[in-house]
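The values are calculated or read from the model by the stated rules, or taken from the named source; none is laboratory data. Quantities reported herein were computed from a predicted structural model and do not represent experimental measurements. No Cβ is skipped: glycine too gets one built from the backbone with ideal geometry, and neighbour counts run over all protein chains shown. Remember, those area values only see protein heavy atoms, side chains included, never the ligands or the DNA or RNA. Shrake-Rupley method; radii C 1.70, N 1.55, O 1.52, S 1.80 Å.
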Amino acid sequence: MRESLDMAYQILGEKKPGALIIEYNLAELLNNQARYYEALEYAISTHAKKIDAFGEKHPYVFLSLDNWAISLRGLGQLDLALEKHQQATDGIVAVIGQKHQYALLVRQHQMDTFIAADVISDKIDILNQLITDLIEVQGENSESAQRFKQLLEHH
């Protein structure tokens, strides 16, 4: 993927959507592999480039901010992760609504950061709304809705 990203930069340029998607996907992949330090570099880079390419209020900008927050969470920088996730959630919900799939994804990641930071007890209303929205959009048997329902039952 890094080779593909290098080629995309050379062929498309660093601020073209195709290259930015590859860079975002690389950061996401590295986060999924718990390679948070590496992911953080790409997430920060992609976020800045997406602001230049799309403007500050584009959903892709907030998805990159979400990637950034996930990296911070993985690195144990929970206060900053909470801040970035709040910015990502507020931004993406304002632009595309709270029930859009991208917004639901960011909201789920934010909830995972609440859990990691051990502040979930203060976020029960947010958790309830997330579960309601997940069920409405994805159905009662949604894995995500079920996972968060179990969390709610334990709080």
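For the chain, what does the helix formula give at 222 nm: sum of -39500 (n - 2.57) over DSSP H segments with n ≥ 4, over the residue count, nearest 500 deg cm²/dmol? Before the final figure, lay out the partial values.
Numbers: 8 runs with 123 residues, N = 155.
So the helix-based figure for the chain works out to -26000 deg cm²/dmol.
Please give the per residue accessible area of the stretch 39-150, computed with a probe of 1.4 Å over protein heavy atoms only, in Å².
It amounts to 46 Å² per residue over the stretch 39-150.
Choose one answer from 98, 86, 138: the residue with the largest mean-square fluctuation in a GNM of the chain with alpha-carbon springs under 10 Å.
Of 98, 86, 138, the Gaussian network model singles out 138 as fluctuating most.
Starting from the Cα coordinates of the stretch 55-118, work out the convex hull volume and express it per residue in Å³. Can you show the working numbers first?
Details: hull volume 4.0 nm³, N = 64.
Given the Cα convex hull of the stretch 55-118, per-residue volume reads 63 Å³.
Using the Cα centre of the chain as the reference point, and only Cβ charges (+1 on K/R, -1 on D/E), how large is the resulting charge dipole? Debye, rounded to the nearest 20.
Computed charge dipole of the chain: roughly 280 debye.
Just 31, 128, 67 to compare: in a GNM of the chain, with alpha carbon springs under 10 Å, which one fluctuates most?
128
On the accessible surface of the chain, probed at 1.4 Å, how many percent belong to carbon and sulfur atoms?
50
If each residue of separation counts as 0.36 nm, what is the full-extension length gain between residue 54 and residue 119 once their alpha-carbon separation is subtracted?
20.1 nm
Within the chain, how many lysine pairs that are 8 or more places apart, or on different chains, have C-alpha atoms less than 24 Å apart?
Close lysine pairs found across the chain: 18.
Roughly how many whole Å is it from the C-alpha centroid of the stretch 13-42 to that of the stretch 97-147?
About 24 Å separates the Cα centre of the stretch 13-42 from the one of the stretch 97-147.
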